[in-house]
Amino acid sequence: MALSREQLAQRVAQELQDGYYVNLGIGIPTLVANYVPEGMEVMLQSENGLLGMGQFPTEDEIDADLINAGKQTVTMAKGASIFDSAESFAMIRGGHVDLTVLGAFEVDVNGNIASYMIPGKLIKGMGGAMDLVAGADNIIVTMTHASKHGVSKLLTNCTLPLTGKGCIKKVLTDLAFIEIKNGKFYLLERAPGVSVEEIISLTEGELVVEGDVPEMRL
Amino acid sequence: MAGFDKVVSSYEEAMEGLEDNMTVIAGGFGLCGIPENLISEIKRKGTKGLTVVSNNCGVDDFGLGILLPDRQIKKIIASYVGENAEFERQMMNGELDVELTPQGTLAEKMRAGGAGIPAFFTATGYGTPVAEGKEEREFNGRHYILEPAITGDFAIVKAWKADRYGNLVFRKTARNFNPMAATAGKITVVEVEEIVEPGELDPDQIHTPGIYVNRLVLGTFEKRIEQRTIRS
């Protein structure tokens, strides 16, 4: 079975470490915050200028001056700090954020990522995504492995305009956990009940399968 | 106004001198921390042909979006747009020039502009459409592109509190682009929720020193919320 959105978030959460500063993109990455292991401390960075993002507010706590990068009202966690946007991206570009999780339309064997623009359709912009992929060393891309029509999104070459070049090393799809190195995809784990053959058939870029590929533990 | 006193008594006075085809840098992220009344004043004045530099362009009936129906904005430099129907229509028809700029690069362009740095190298955007036509250089084995700084004829800023000398304190994430915008305007206009006497703000707690501020006006704010989200 392909992973659900919640299961994708659960698997990403296994990559968290105690004391990590983490930036979570909009969508599935945001759900990762719900699966921080018990007893572990992580601090969430929101690129509009908040380190130490808390949960959503109650009706009484809502504050128009306190939002996250998705423009949603939020609260601050204990030990939070606030800063301007230049400082926020100094943290990101300077490589101070330990883990970045974001979505994509396509990735390819050279670590290129396309995530912000489909020519001919409405272009809304890249927001902070280009800064995040260029600045972070440890990035996990979460995405569906293929389109509804079975067209692979893990490619030899991205077809859409790039968000970043040569910057992605780890991809978690609804079917597989994949590492990118030496111009190839490497199959590290497969979703429970998903066969290696199915993953191969839905991966357009070169996929290396070494030995028995374990199922993810969720 | 005398000496260091930056306070003006009306929004009309605050935006005096804004003319057609000028560049305006605006603080704010989404609808958070936007200079909402200064934007309304630009609408009232009817100034046209503006180049606006702002992370976003408001929504249909609030924020910078209200400058769209009368075609007051000729060009916008932003990182994320299209939260409103009129914007989309003008962009698709080629009536509005949109220069998409990565969010961190946009913040740094304002910061550099205000700090007298004409351009800077960044890895952000290398190998993407953003890099087209820009100088590329390698430092320590990594690729970077040269991004020019931005300055504006006017900067419009929203702060929480100020003293009469224009020393500013921002509140929570309403800070966002406002401190950089404040440095990058030839004329920087700030609207605030409260003005106190010089000496009342703790110098250690001031986010933007008054040297960057030319005009200060007291306002009342709607502070509209774009994505009201509560926990269940």
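Scanning region A:18-34 for residues that are touching a strand residue (DSSP E or B) at 6+ places or on another chain (Cβ under 8 Å), surrounded by fewer than 23 Cβ atoms within 10 Å (Cβ to Cβ) and closer than 18 Å to residue A:177 by Cα returns a single hit, A:29. Among the residues making up region A:108-139, those that are buried (at least 20 other Cβ atoms within 10 Å of the Cβ), more than 10 Å from chain B (Cβ to nearest Cβ) and either in contact with a Phe, Trp or Tyr (Cβ under 8 Å, 6 or more places away or on another chain) or not in a loop (DSSP other than H, G, I, E, B) (or both) are A:108, A:109, A:115, A:139.
In region A:93-120, the residues that are basic (Lys, Arg) reach residues that are assigned to a strand (DSSP E or B) with C-beta atoms within less than 7 angstrom, at least six apart or across chains, in these pairs: A:93/B:122.
Regarding region A:82-97, can at least one residue be identified that is surrounded by fewer than 22 Cβ atoms within 10 Å (Cβ to Cβ) and closer than 30 Å to residue A:191 by Cα? No - not one qualifying residue is present in region A:82-97.
Among the residues of region B:164-180, are any within 11 Å of chain A (Cβ to nearest Cβ), closer than 30 Å to residue A:107 by Cα and touching a Leu at 6+ places or on another chain (Cβ under 7 Å)? No; the residues of region B:164-180 include none that is within 11 Å of chain A (Cβ to nearest Cβ), closer than 30 Å to residue A:107 by Cα and touching a Leu at 6+ places or on another chain (Cβ under 7 Å).
Only one entry in A:47, A:59 is at the interface with chain B (Cβ under 7 Å from one of its Cβ atoms), at pLDDT 95 or above and surrounded by fewer than 18 Cβ atoms within 10 Å (Cβ to Cβ), namely A:59.
Just wondering, is there one or more residues in region A:35-52 that are within 14 Å of the chain's Cα centre (by Cα) and under 25 Å from residue A:215 (Cα atoms)? No: zero hits.
The values are calculated or read from the model by the stated rules, or taken from the named source; none is laboratory data. Since we're looking at a predicted model, the values are computed, not measured. Glycine also receives a Cβ, built like all others from the backbone with ideal geometry; neighbour counts cover every protein chain displayed.
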